[in-house]
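So the structure is just underneath, and the comments pick up after that.
The values are calculated or read from the model by the stated rules, or taken from the named source; none is laboratory data. Everything quoted here is computed from the prediction, not taken from an experiment. Glycine gets a Cβ as well: all are built from the backbone with ideal geometry, and neighbour counts include every protein chain shown.
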Amino acid sequence: MTHPPSGAQYHLKHGEQEAVVAEVGASLRVYRVGGVDVVRPYDEAVMAPAFSGTTLAPWPNRLANGLYEYEDTVYQLALTEPGRQTALHGLVTHVRFASSGVSDDGSTVQLEHEIVPTVGYPWPVRITVTYSLTGSGLRATITGTNAGDTTAPYGTGTHPWLATGGATLDECTLRVDANRHVTVDNRLLPTGTEPVSNGFDLRAPVLLAGHAYDDAWVDLVRDADGLSWLELGRPDGRTTALWADGAAKAWQVCTADEVPSIARTAVAAEPMTCAADAFRTGDDLVHLAPGASHTLTWGLTFR
């Protein structure tokens with residue numbers, strides 16, 4: 001086998017931080033600080049389990065029936081989540097991204113993949129993903145550039161599973177900077193939004209014992225720098241903080257109750273430019289004009 005299922009591996013180093021980015025899906029396979037896992041790592045010899053660390057584009061989350069209409073034309077995508085009859089997490093989670101390699105100082109790598117137009121998504125959108133280790137933590141960008149001659153519907157996100165330090169989620173707390181919760185049907189497709197309340201109000205840390213989530217939040221709260229934050233508090237006293245810039249319009253959280261390979265030993269924390277089904281609802285959908293680019297910036301700190 002020329003490459004393992006996760007593809008070529010790019011090793012980054014900065015001080016006590018180390019990261020490994022996998023070629024397939026431009027996935028953040030490893031991120032450690034002082035030898036402690038910040039994201040749940042996976043072996044390079046397997047496909048990224050449950051989309052671990054992968055890039056979600058040109059849409060994040062679910063698209064009902066893989067069917068949408070854009071500018072008076074109807075498009076049909078493959079159903080990649082057959083049980084719910086949806087097209088899940090875009091087109092690049094299991095494709096190879098090209099890279100010129102790690103920067104001379106060992107802290108940065110950039111990967112790129114241009115989507116091949118198909119009948120379901122006939123736009124050649126180029127996805128460029130950059131990971132950098134800095135003095136304040138990991139910083140990443142996802143840029144979509146429309147290389148075609150017509151406007152493309154577009155959204156993006158990323159899918160890290162935050163590590164718990166060997167604990168179960170029941171022992172951890174979660175905080176999410178958002179004012180509204182997205183209501184869903186039995187296929188986890190949005191039906192509307194509601195003000196956060198009870199178990200969905202995570203603006204202050206909530207103990208995860210007794211809470212199961214595969215949910216999205218919108219109307220994000222932002223700090224003075226325009227960033228929204230999601231924080232996982234671990235029983236070892238450490239906190240993993242994931243931030244996203246103004247391009248992020250939604251947070252998705254999954255506690256892995258229906259993911260046997262992870263089983264509440266990590267939490268998916270997904271900054272997204274739009275919630276599920278945006279190709280159909282139009283909510284926060286990016287209309288990417290020919291030659292135009294759109295960038296989502298996000299990062300991780302561990303304290």
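Tabulated values for the structure
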{"quantity": "Scan of the range 108-145 for residues that are touching a Lys or Arg at 6+ places or on another chain (Cβ under 8 Å) and either at pLDDT below 95 or more than 20 Å from A244 (Cα to Cα) (or both), ordered by number", "calculated": "E112, H113, E114, I115"}
{"quantity": "Residues of the range 155-169 satisfying the condition of being of a type in the set (G, A, S), outside any loop (DSSP other than H, G, I, E, B) and closer than 15 Å to A250 by Cα", "calculated": "G157"}
{"quantity": "Single condition R222 does not satisfy, out of (1) closer than 29 Å to V21 by Cα; (2) buried (at least 16 other Cβ atoms within 10 Å of the Cβ); (3) not hydroxyl-bearing (S, T, Y)", "calculated": "(2)"}
{"quantity": "Of all residues making up the range 31-65, the number that are charged (D, E, K, R) and within 30 Å of N146 (Cβ to Cβ)", "calculated": "1"}
{"quantity": "Matching residues, the range 212-251, being over 25 Å from R62 (Cβ atoms), outside any strand (DSSP E or B) and hydrophobic (A, V, I, L, M, F, W, C)", "calculated": "A224, L227"}
{"quantity": "Filtered residue count, the range 153-169, keeping only those that are more than 15 Å from the chain's Cα centre (by Cα) and either buried (at least 24 other Cβ atoms within 10 Å of the Cβ) or modelled with pLDDT under 95 (or both)", "calculated": "6"}
{"quantity": "Single match in S228, S261 (criterion: surrounded by fewer than 15 Cβ atoms within 10 Å (Cβ to Cβ) and in contact (Cβ under 8 Å) with a residue 24 or more places away in the chain)", "calculated": "S261"}
{"quantity": "Unmet criterion (only one of (1) of a type outside the set (A, V, I, L, M); (2) touching a residue at least 24 places away in the same chain (Cβ under 8 Å); (3) under 14 Å from F279 (Cα atoms)) for D72", "calculated": "(2)"}
{"quantity": "Residue list for the range 96-115, restricted to those being surrounded by fewer than 17 Cβ atoms within 10 Å (Cβ to Cβ) and either among the β-branched types (V, I, T) or more than 23 Å from the chain's Cα centre (by Cα) (or both)", "calculated": "S100, S103, D104, D105, G106"}
{"quantity": "Filter result (in a strand (DSSP E or B) and within 22 Å of T55 (Cα to Cα)) within the range 68-100", "calculated": "Y68, Q76, E81, T86, A87, L88, G90, R96, A98, S99, S100"}
{"quantity": "Of all residues in the range 256-297 being part of a strand (DSSP E or B) and touching a Lys or Arg at 6+ places or on another chain (Cβ under 8 Å), the one that is farthest from L169 (Cα to Cα)", "calculated": "T297"}
{"quantity": "Test: residue in the range 192-206 that is in contact with a Gly (Cβ under 6 Å, 6 or more places away or on another chain), at pLDDT below 95 and not aliphatic (A, V, I, L, M)", "calculated": "no"}
{"quantity": "Residues (of a type in the set (D, E, K, R) and on the phi > 0 side of the Ramachandran plot) located in the range 188-243", "calculated": "D219"}
{"quantity": "Any pair with Cβ under 7 angstrom, 6 or more apart, that starts in the range 132-151 at a residue that is without any contact (Cβ under 8 Å) to a residue 40 or more places away in the chain and on the phi > 0 side of the Ramachandran plot and ends at one that is surrounded by 21 or more Cβ atoms within 10 Å (Cβ to Cβ) and of a type outside the set (G, A, S)", "calculated": "none"}
{"quantity": "Residue list for the range 1-45, filter: closer than 28 Å to T255 by Cβ, in a strand (DSSP E or B), in contact (Cβ under 8 Å) with a residue 60 or more places away in the chain and among the hydrophobic types (A, V, I, L, M, F, W, C)", "calculated": "A19, V21, V24, L28, V33, V36, V39"}
{"quantity": "Considering residues of the range 245-303 that are modelled with pLDDT under 95 and in contact with a helix residue (DSSP H, G or I) (Cβ under 8 Å, 6 or more places away or on another chain) only, the residue farthest from Y68 (Cα to Cα)", "calculated": "T265"}
